[in-house]
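Encoded as structure tokens, the structure appears first; notes follow it.
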Amino acid sequence: QVQLVESGGGLVQAGGSLRLSCAASGGTFSRYAMGWFRQAPGKEREFVAAVSRSGGIRNYADSVKGRFAVSRDNGKNTVYLQMNSPKPEDTAVYYCAADPAYSGSYYPNEYDYWGQGTQVTVSA
């Protein structure tokens, strides 16, 4: 059983930066690809980014490509999402999740474990 706890959310101005963290415990972190998803009010949960078990493969949603960066530190059992130049439409609850596959799926139902989420609000 893997427990995931996100942190780092909050209010940020458009064009600023924010870094989300997700700390894992209770399992072997390096056996999971890690993903970030988000959900805005009234919308479905959507894929943001994923990083493979080793960190060598990173995938992004088109809407964040070039602005967000996902990374992981297997020594610290932590995955990060660096949000640069956020836009008001990035406002959502952000979730990290663990996928037993190697590279991390775009689909939320492929993930076995989820954090509780952290709110990110981007002001114009």
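The values are calculated or read from the model by the stated rules, or taken from the named source; none is laboratory data. Since this is a predicted model, take the numbers as computed values, not measurements. Note: ideal-geometry Cβ built from the backbone for every residue, glycine included; neighbour counts use all protein chains shown. Keep in mind that these areas ignore ligands, DNA and RNA; they rest on the heavy atoms of the full protein, side chains included. Shrake-Rupley method; radii C 1.70, N 1.55, O 1.52, S 1.80 Å.
The set of residues in the range 78-100 that are part of a loop (DSSP other than H, G, I, E, B), of a type outside the set (K, R) and open to solvent by 50 Å² or more (accessible area, probe 1.4 Å) comprises S85, P100. Please identify the pairs in which a residue from the range 100-123 that is more than 20 Å from V5 (Cα to Cα) has its Cβ atom under 6 Å from the Cβ atom of a residue that is among the aromatic types (F, W, Y) and open to solvent by less than 50 Å² (accessible area, probe 1.4 Å), counting only partners at least 6 apart or on another chain. Matching pairs, first to second residue: Y106/F47.
If you scan the range 67-77, which residues turn out to be in a strand (DSSP E or B) and surrounded by fewer than 20 Cβ atoms within 10 Å (Cβ to Cβ)?
Of the range 67-77, the ones in a strand (DSSP E or B) are 68-73.
Across the range 67-77, the qualifying residues are A69, S71, D73.
For the range 1-55, the strands (runs of 3 or more DSSP E) that sit wholly inside it and include 1 or more residues that are without any contact (Cβ under 8 Å) to a residue 40 or more places away in the chain, surrounded by 13 or more Cβ atoms within 10 Å (Cβ to Cβ) and of a type in the set (G, A, S) are 46-51. Residue under question is V93, and the condition is that it be out of contact with any helix residue (DSSP H, G or I) (no Cβ under 6 Å at 6 or more places or on another chain), of a type in the set (A, V, I, L, M) and closer than 17 Å to L11 by Cα; does it hold? Yes; evaluated as a whole, the condition is true for this residue. Scanning the range 16-36 turns up at least one residue that is modelled with pLDDT of 95 or more, of a type outside the set (S, T, Y), more than 13 Å from the chain's Cα centre (by Cα) and over 20 Å from S105 (Cα atoms). Without any contact (Cβ under 8 Å) to a residue 60 or more places away in the chain, within 24 Å of S123 (Cβ to Cβ), in contact with a strand residue (DSSP E or B) (Cβ under 7 Å, 6 or more places away or on another chain) and of a type in the set (V, I, T): does that describe T91? So T91 passes the test.
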